[in-house]
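Enquirer: Handing you a structure now.
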Amino acid sequence: MSKRVLVTLGHPADHSFCGALADAYIAGATAAGNEVRSIFLGAASFDPVLHNGYSEIQALEPDLIAAQEAITWAEHLVFVYPIWWGAMPALLKGFIDRVFLPGFAFSYREGSMFWDRLLRGRSAHLLVTMDTPPWYFRWVYRMPGHNQMKRTILEFSGIRPVQVSNFGPIRGSSERQREKWLARAGQLGRRTA
């Protein structure tokens, strides 16, 4: 059964290895019969700074309105991004700050410390590159960027299950290894259906 898939490239440069992974995933998902849309944050026009926190919501730029519409449309969300300083790039974090708003992604219950998860019914997959060996990121650093994206953003908003696929270390990798990673991204896209 095909799905509606939204692929978001969180690397500022679409010609990066993350961009190639996103392209491979999109090709695989499309070949499997899925309907695929994409967002390339490096080409999007928006202010990534949430100037007043959530006390005063900024007006959304057209690209962010379109992003919310695409997230609402999607059944499966894919985020492709690198780990920089243990977490996602600032551009992706700014996108999340501006798009995953109260009333869209979650809603606090009045008089309660609990919240409603407004993006239920969607799954997600994170395709994450890093220069750190993935085992070191897991066992020594304790995966801060993965925990942030998976638990405190996506699952907080009701998106589950959230799968994570690591690609790395990128620095020093051979062309053959990168080709294997691109083939893996394509396979992951084909399995989306």
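The values are calculated or read from the model by the stated rules, or taken from the named source; none is laboratory data. None of the values given here were measured: they were computed from a predicted structure. In this analysis, Cβ positions are derived from the backbone assuming ideal geometry, glycine residues included, and neighbour counts consider all displayed protein chains. In case anyone asks, the SASA skips ligands and DNA or RNA and just uses the protein heavy atoms, side chains included. Shrake-Rupley method; radii C 1.70, N 1.55, O 1.52, S 1.80 Å.
Enquirer: Run the numbers on the chain and let me know its relative contact order in percent, using alpha-carbon pairs under 8 Å that are six or more apart. Each step should come with its number before you reach the end.
Expert: Details: 352 pairs, mean separation 57.5, N = 193.
It rounds to 30 percent for the chain.
Enquirer: Can you give the direction-averaged projected area of the convex hull of the alpha-carbon atoms in segment 52-172, in nm²?
Expert: Numbers: hull surface 34.1 nm².
Over all viewing directions, segment 52-172 projects a mean Cα-hull area of 8.5 nm².
Enquirer: Find how many whole Å separate the alpha carbon centroid of segment 120-148 from the alpha carbon centroid of segment 62-78.
Expert: 22
Enquirer: Next up: Taking the solvent-accessible surface of protein heavy atoms with a 1.4 Å probe, what is the per residue accessible area of the chain in Å²? Before the final figure, lay out each step's value.
Expert: Working: 10000 Å² over 193 residues.
I get 52 Å² per residue for this part.
Enquirer: What size of dipole, in debye to the nearest 20, comes out for the chain about its Cα centre when the only charges are +1 on Lys and Arg C-beta atoms and -1 on Asp and Glu C-beta atoms?
Expert: Values: 21 positive and 16 negative charges, 189 e Å.
Approximately 900 debye in magnitude.
Enquirer: Now for a separate question. Using alpha-carbon pairs under 8 Å, 6+ residues apart, how would you state the relative contact order of segment 19-128 in percent? Walk me through the numbers on the way to the answer.
Expert: On the way: 101 pairs, mean separation 31.9, N = 110.
Worked out over segment 19-128, it gives 29 percent.
Enquirer: Would segment 121-193 count as rounded, prolate or oblate if I go by the C-alpha gyration tensor, calling it rounded below 1.5 in a/c and otherwise prolate when a/b exceeds b/c, oblate otherwise? Intermediate results must be reported in sequence, preceding the final value.
Expert: On the way: a/c = 3.56, a/b = 1.27, b/c = 2.81.
Cα axes put segment 121-193 in the oblate bin.
Enquirer: Now for a separate question. Using the Cα gyration tensor of segment 1-80, with a ≥ b ≥ c the square roots of its eigenvalues, what is the shape: rounded (a/c below 1.5), prolate (a/b larger than b/c) or oblate (neither)?
Expert: Working: a/c = 3.04, a/b = 1.60, b/c = 1.91.
Judged from the Cα gyration tensor, segment 1-80 comes out oblate (a/c at least 1.5, b/c at or above a/b).
Enquirer: In segment 4-155, with Lys and Arg counted as +1 and Asp and Glu as -1 at Cβ, which of these residues, G86, V7, I26, has the Cα nearest the positive end of the dipole, that is, farthest along it?
Expert: Going by the charge dipole, the pick is G86.
Enquirer: For the chain, what % of the accessible area comes from carbon and sulfur atoms, probe 1.4 Å? Intermediate results must be reported in sequence, preceding the final value.
Expert: Values: 5250 of 10000 Å².
Answer for the chain: carbon and sulfur cover 53 percent of the accessible area.
Enquirer: Given charges of +1 on the Cβ of Lys and Arg and -1 on the Cβ of Asp and Glu, with all other atoms neutral, how large is the dipole of segment 1-98 about its Cα centre, in debye to the nearest 20? Please list the in-between numbers first.
Expert: Values: 5 positive and 10 negative charges, 54 e Å.
The calculation lands at about 260 debye.
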